[in-house]
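Notes for the one structure printed next.
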Amino acid sequence: MSEFFHRFALGFAIIVLGLWGVVLIVRPELVHSYLSNEEINHTYAAMMGAALLGLALMSAAMLTSLLSPARALGLAVAILVGTTIYLMFFTHHMLVTPLTSMSMVAAGAVAIFLMF
């Protein structure tokens with residue numbers, strides 16, 4: 001019985017973290033007032049959402065054993081890289097600077113290394 005509740009709680013946490021992650025990446029203005037009384041910062045909100053989505057993915061990998069922990073971490077880092085690309089080149093909320101560009105390339109290399 002304890003195993004059932006453990007898996008249920010983990011599954012529920014995966015769903016909640018995943019939903020928060022997606023909303024914070026795509027439409028942070030929908031939930032901003034629940035989290036802060038300051039002005040919205042789309043870059044911070046989206047990167048927090050990417051981290052939550054990556055955590056949900058890693059948790060799902062542990063629950064289902066479909067992915068190794070290294071591959072799950074690689075996918076989580078790839079989510080951060082994808083979010084960075086989205087923020088830099090589609091919404092233009094993140095600055096394209098040498099530092100952010102090098103960080104994105106380095107994280108992409110780490111993601112590929114961990115996934116393959």
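Side notes on the structure shown:
- The single condition from (1) at pLDDT below 95; (2) among the aliphatic types (A, V, I, L, M); (3) under 19 Å from Phe8 (Cα atoms) that Ala56 fails is (1).
- Residue list for segment 1-54, restricted to those being without any contact (Cβ under 8 Å) to a residue 24 or more places away in the chain, buried (at least 17 other Cβ atoms within 10 Å of the Cβ) and of a type in the set (A, V, I, L, M): Ala45
- Any hit, segment 98-110, residues being on the phi < 0 side of the Ramachandran plot, in contact with a Pro (Cβ under 6 Å, 6 or more places away or on another chain) and modelled with pLDDT of 95 or more: no
- Enumeration of residues in segment 63-79 that are touching a residue at least 24 places away in the same chain (Cβ under 8 Å) and either over 26 Å from Phe90 (Cβ atoms) or of a type in the set (Ser, Thr, Tyr) (or both): Leu63, Ala70, Arg71
- Residues satisfying the stated conditions in segment 55-74, i.e. buried (at least 17 other Cβ atoms within 10 Å of the Cβ), more than 21 Å from His6 (Cβ to Cβ) and of a type in the set (A, V, I, L, M): Leu73
- Subset of segment 25-35 [over 23 Å from Ile14 (Cβ atoms) and in contact with a helix residue (DSSP H, G or I) (Cβ under 9 Å, 6 or more places away or on another chain)]: Glu29, His32
- Checked against the criterion of being under 19 Å from Val26 (Cα atoms), part of a helix (DSSP H, G or I) and among the polar types (S, T, N, Q), segment 51-70 contains not a single residue that satisfies it.
- Residue match in segment 24-47 (condition: of a type in the set (Val, Ile, Thr) and more than 23 Å from Thr100 (Cβ to Cβ)): yes
- Single match in Gly18, Gly11 (criterion: in a helix (DSSP H, G or I), out of contact with any Lys or Arg (no Cβ under 8 Å at 6 or more places or on another chain) and over 17 Å from Leu75 (Cα atoms)): Gly11
- Selection status of Val26, hydrophobic (A, V, I, L, M, F, W, C) and within 12 Å of the chain's Cα centre (by Cα): yes
The values are calculated or read from the model by the stated rules, or taken from the named source; none is laboratory data. What you see is a predicted model; the values in this text were computed from it and never measured. Methodologically, a virtual Cβ is constructed for each residue, glycine included, from the backbone with ideal geometry; neighbour enumeration extends over all protein chains shown.
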